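Below is one structure, written out as structure tokens, with a few remarks after it.
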Amino acid sequence: MTAHPQDLAAATGRDAFRQALTEHAGQDPRIWCCDSDMGGVAQGFGAAHPERYVDLGIAEATMMTTAAALAAAGKVPFVHTMASFAALRAGEQVKVDIAYNNLPVHIAATHGGLSGGHFGPTHQSLEDIAVMRALPHMTVVVPSDSATAARLVPLLAGLPGPSYVRLARRATAPVGPAGRPFALGRADVLREGGDVTLVACGPQPVLAALGAADRLAADGLAATVLDMATVKPLDVPALVAAAERTGRVLTVEDHSVIGGLGSAVAEALAEHCPVPLRRIGVPDRFCDRVGGHDELLAHYGITDERVYETALAWHKGVDVL
Amino acid sequence: MTTTDQTATDPATTDPAAAEPAATVTDPAATATARTGLPLAERALRVRQHIVAMAASPEGAHIGGALSAADILTALYFDVLRVRPEEPEWPGRDYFLLSKGHAAAGLYAVLAERGFLPVEELDTYARSGSRLGGHPLRTVPGVEFPTGSLGHGLALGLGLALAARRDGRDNRAYVLLGDGELQEGSVWEAADSAARLGLDNLTAVVDRNRLQINGSSHRGNLADRWRAFGWRAVEIDGHDLDALSAALREPPAEPGVPTVLLADTVKGRGVPFLENRAKSHYALLSPTLRHRALKALAAASRTEQDR
């Protein structure tokens, strides 16, 4: 049974992914689910497949190592925790036990970027993509809506090695039709235009890029918008093609400007197609402002207004960054 | 599996030293173990001789903790673990994880003696291009996981034991930890989960040599600590090969309760100038010291035989 698009549109990326995982595990007996007292997973996957569900408790390091051993024994574990705990608290276990051995453990992380909101910097994760991207063998994915989050499950389960996927805590509008082109390692070209390339990953950044593209269109400027859901391996051919066509690239992400999508794009462009680049993301600082996710994103300019204004001013020769 | 089948597949019988008849295998649980070879004490002596040789190689080795673990490793690989050296990934194998990965020289020595690698390969230890580095790599036959970062092995054993249990397989997982390693918090995460999950097919062995780089690793009553985490704790002489074998082979004494053996050992055991010295943690032996060490091992072995 596949998930219904109309249900998914209202679901969070997290819930859509978990539901798809529970359903897909019915067809793929290799799939296991490792929990770290996250809530919600036990009632879903745990109830449907108790023989393949294990809760390691509030022990993320042990969960990662256990998952590596399960994978070595032929299982395909999906582990559930928060981004900060996956990337840093248990980061050494992810590196040594999972990535080094190239074992198919799939890390499903919530609370990526500023989505921890008012929970503060302990529960925000502005560096998870940077950490995971630096690990050999690791595939890094940030789906931009619930439909693609759900579609990720069988794709990840088919990988020979590990992956890290950032899942949204809140429902957002779909960024495209439920059946849009979606494959690991492929950018989805949501808009095509010749004036500027906007590269984004994750729900709010991609929506901000799309909103900015609409505003730019009203001003007569045509933007290319790439949904770069797979940050690693980066779709360099699609990026270079867009950069060659537009001559300038603007990245948008819910992450530190150090080490994430903006850095990945900068590295690829510098080597393959050096065009001017600007990055919109969280500056190099901790966010100790109390507020909701949208408020914090707005605080750092991860909005369609800011993307629009930046692109427009840049086009006019006024570089605002 | 019949005894005849086992004789045919047991690589220990290809070892000229393993001339004894397979009839010495009396316990059905021993099907793939190497009880047919040299007496355990002689095997342990050879393991120690290899360790000394590796510590005398250009890079040196973690000799103190390898020598303290030598009897535990010998008992495991020659009298306990169901393994097939010619088929390291045999699905029916028992799992061994060297959580104190710095004792790699000890593991290489016992793997070579058991037939997982040519004994001559030990001469390549830590040299350019060798498979045998300062911490075990997964490319070494018989190594389940690369270790060396302390505090990982118990959760690896937990995962392997859990998979076996849920699959209905009877494989057991054995994890060798250092006593200094118990300072790593992840050990206690895994201890907590393993007990809660009822994994009585998981056995931990603590090589309690009571020393770490900066001095004493003694931290009070370890048995009480493990018991408080829901484990069955057994204190044992970590240099008594027969006692180690018996304790390691014992089926779970309490259903659903994992067992830890707190094995009292001597760091540097067998080489008097290294014994009970924190400085033996890592050493590069000069040719003179190598000679002295080998002489001491041989002398201790003769004394043992006279007894």
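Please state which one of A:Gly57, A:Gly74 is outside any helix (DSSP H, G or I), at the interface with another protein chain (Cβ under 7 Å from one of its Cβ atoms) and surrounded by fewer than 24 Cβ atoms within 10 Å (Cβ to Cβ). Show your work before the answer.
Values: A:Gly74 fails: at the interface with another protein chain (Cβ under 7 Å from one of its Cβ atoms).
Exactly one of A:Gly57, A:Gly74 is outside any helix (DSSP H, G or I), at the interface with another protein chain (Cβ under 7 Å from one of its Cβ atoms) and surrounded by fewer than 24 Cβ atoms within 10 Å (Cβ to Cβ), namely A:Gly57.
Surrounded by fewer than 22 Cβ atoms within 10 Å (Cβ to Cβ), in contact (Cβ under 8 Å) with a residue 12 or more places away in the chain, among the small types (Gly, Ala, Ser) and more than 12 Å from chain B (Cβ to nearest Cβ), is that true of A:Gly40? Step through it out loud before you land on a result.
On the way: surrounded by fewer than 22 Cβ atoms within 10 Å (Cβ to Cβ): yes; in contact (Cβ under 8 Å) with a residue 12 or more places away in the chain: yes; among the small types (Gly, Ala, Ser): yes; more than 12 Å from chain B (Cβ to nearest Cβ): yes.
Yes; evaluated as a whole, the condition is true for this residue.
Considering only residues that are farther than 21 Å from B:Lys267 by Cα, in contact (Cβ under 8 Å) with a residue 24 or more places away in the chain and among the small types (Gly, Ala, Ser), which ones fall in region B:152-180?
Within region B:152-180, B:Ala155, B:Gly157, B:Ala161, B:Ala164, B:Ala173 qualify.
So B:Pro146 ticks every box in (1) at the interface with another protein chain (Cβ under 9 Å from one of its Cβ atoms); (2) farther than 21 Å from B:Leu67 by Cα but one. Which box is left unticked?
Failing condition for B:Pro146: (2).
What pairs come up if the first residue lies in region A:13-31 and is over 15 Å from A:Lys75 (Cβ atoms), the second is at pLDDT below 95 and outside any loop (DSSP other than H, G, I, E, B), and their beta carbons are under 8 Å apart, counting only those six or more places apart or on different chains?
A:Ala16/A:Leu8
Might you check whether a residue that is in contact (Cβ under 8 Å) with a residue 40 or more places away in the chain and under 21 Å from A:Thr139 (Cβ atoms) occurs anywhere in region A:52-67? It would help to see each step written out before you state the result.
In the first step, residues of region A:52-67 are kept if they are in contact (Cβ under 8 Å) with a residue 40 or more places away in the chain; the result is A:64.
Retained after the next criterion (residues that are under 21 Å from A:Thr139 (Cβ atoms)): A:64.
Yes.
Look at A:Gly259 and say whether it is out of contact with any strand residue (DSSP E or B) (no Cβ under 9 Å at 6 or more places or on another chain), in a loop (DSSP other than H, G, I, E, B), over 12 Å from A:Asp195 (Cβ atoms) and in the same structural domain as A:Glu295 (by TED's automatic domain parsing). Outline the logic, then answer.
Values: out of contact with any strand residue (DSSP E or B) (no Cβ under 9 Å at 6 or more places or on another chain): yes; in a loop (DSSP other than H, G, I, E, B): yes; over 12 Å from A:Asp195 (Cβ atoms): yes; in the same structural domain as A:Glu295 (by TED's automatic domain parsing): yes.
For A:Gly259, the condition - out of contact with any strand residue (DSSP E or B) (no Cβ under 9 Å at 6 or more places or on another chain), in a loop (DSSP other than H, G, I, E, B), over 12 Å from A:Asp195 (Cβ atoms) and in the same structural domain as A:Glu295 (by TED's automatic domain parsing) - is met.
Restricting attention to region B:149-180, report how many residues are within 7 Å of another protein chain (Cβ to nearest Cβ) and over 30 Å from A:His49 (Cα atoms).
Looking only at that region, the number is 1.
Could you please give the count of residues in region A:113-168 that are within 12 Å of the chain's Cα centre (by Cα) and either basic (Lys, Arg) or part of a helix (DSSP H, G or I) (or both)?
Going through region A:113-168 one residue at a time, the tally reaches 10.
So, in region A:229-256, how many residues would count as being in contact with an Asp or Glu (Cβ under 7 Å, 6 or more places away or on another chain) and within 15 Å of A:Arg279 (Cα to Cα)?
Looking only at that region, the number is 1.
Kindly indicate the residue of region B:116-143 that is part of a loop (DSSP other than H, G, I, E, B) and of a type in the set (Val, Ile, Thr) and also farthest from the other protein chains (Cβ to nearest Cβ) among those meeting that condition. Even if it seems obvious, please write down each step before you answer.
Within region B:116-143, the subset part of a loop (DSSP other than H, G, I, E, B) is B:116-118, B:125-143.
Among the residues that remain, those that are also of a type in the set (Val, Ile, Thr) are: B:139-140, B:143.
On the way: B:Thr139: 11, B:Val140: 13, B:Val143: 11 Å.
Filtering first and then ranking leaves B:Val140.
Among (1) without any contact (Cβ under 8 Å) to a residue 40 or more places away in the chain; (2) within 19 Å of the chain's Cα centre (by Cα); (3) more than 7 Å from chain A (Cβ to nearest Cβ), which single condition is B:Gln183 missing?
(2)
Which of the residues that make up region A:177-204 are crowded, with 24+ Cβ neighbours inside 10 Å and either among the polar types (S, T, N, Q) or free of Cβ contacts under 8 Å to residues at least 40 places away in the same chain (or both)?
A:Thr197, A:Gln204
The values are calculated or read from the model by the stated rules, or taken from the named source; none is laboratory data. These numbers come from a predicted model, not from an experiment. With ideal geometry, Cβ positions are generated from the backbone for all residues, glycine too; neighbour counts draw on all protein chains shown.
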